[in-house]
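Below you'll find the structure, written out as structure tokens, and then a few comments.
Each reported figure results from applying straightforward, stated rules to the coordinates on display, with no laboratory input. Every value quoted in this text rests on a predicted model; they were computed, and no experiment measured them. Note that each Cβ is placed from the backbone with ideal geometry, even for glycine, and that neighbours are counted across all protein chains shown.
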Amino acid sequence: MLVNIFKSKIHRVKVTQAELNYVGSITIDEDLLDAAGIMENERVQVVNNNNGERLETYAIKGKRGSGIICLNGAAARKAEVGDIVIIISYAWMTQEEAKTHKPMIVFPDENNLVVK
């Protein structure tokens, strides 16, 4: 049996852009994606700490080192620039794999940059 387990998260980043007229997704600084082990096009959940909204979309790479967090398309209606969000990814694992899995958690600085 497979279980869907918390794989990683980018904890408390600031939304820098919201682009309604875009096909969809969330643009995330490539450094943040790498640090959290999130792949481009991977399904992610976005939780908005400011208004309680939750949505699922897919990640696309943003410019490395830019700190960009941009909600695109319909997702742009779920947050405003300056809102604080948590971006979460999940993975399917066997129960045995899940017992030893250690999630990757990234705590960016106030500019959405990876803290080394």
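7 Å from Cα along Cα→Cβ at both GLN17 and VAL81: what's the point-to-point distance in nm?
Going by the 7 Å Cα→Cβ label model, 1.1 nm.
In which sequence would ASP29, ASP83, ASP34, ASP109 go, from the one with the fewest C-beta neighbours within 10 Å to the one with the most?
ASP109, ASP34, ASP83, ASP29
Give, as a single signed number, the net charge of other residues whose beta carbon lies under 13 Å from the beta carbon of THR57, with Lys and Arg counted +1 and Asp and Glu -1.
Summing Lys/Arg as +1 and Asp/Glu as -1 gives -1.
Determine the dipole magnitude for the chain: charges of +1 sit on the beta-carbon of Lys and Arg, -1 on that of Asp and Glu, nothing else is charged, the reference point is the Cα centre, and the result goes in debye to the nearest 20.
Dipole about the Cα centre, nearest 20: 160 debye.
If you keep only loop residues by DSSP, which trypsin sites (Lys or Arg not before Pro) in the range 40-89 have at most 11 other Cβ atoms within 10 Å of their Cβ?
Hits after loop and neighbour filter: LYS63.
Return P(r) of the chain (all Cα-Cα pairs; 10 Å bins starting at 0; whole %; ordered from short to long distances).
Whole-percent P(r) values from 0 Å outward: 16, 48, 28, 9, 0.
Sort MET1, MET93, MET39 so that the residue with the fewest other Cβ atoms within 10 Å of its own Cβ comes first and the one with the most comes last.
Listing MET1, MET93, MET39 from fewest to most nearby Cβ atoms yields MET1, MET39, MET93.
Quote to one decimal, in nm, the extra length available between TYR58 and ASN4 on full extension: 0.36 nm per residue of separation minus the C-alpha distance between them.
So the chain would gain 17.8 nm between TYR58 and ASN4.
Can you give the FRET efficiency for TRP92 and VAL115, using 1/(1 + (r/R0)^6), R0 = 41 Å, r = Cβ-Cβ distance, to the nearest 0.05?
Efficiency computed from Cβ-Cβ geometry: 0.90.
Within the range 2-106, what is the number of lysine pairs with alpha carbons under 29 Å apart, leaving out pairs fewer than eight places apart on the same chain?
Number of lysine pairs found: 18.
Based solely on its DSSP helices, what 222 nm [θ] is calculated for the chain when runs of n ≥ 4 H residues each add -39,500 (n - 2.57) and the sum is averaged over all residues, nearest 500 deg cm²/dmol?
-2500 deg cm²/dmol
Are there GluC sites (Glu not before Pro) in the range 1-52 that DSSP puts in a loop and that have at most 14 other Cβ atoms within 10 Å, and which ones?
GLU40
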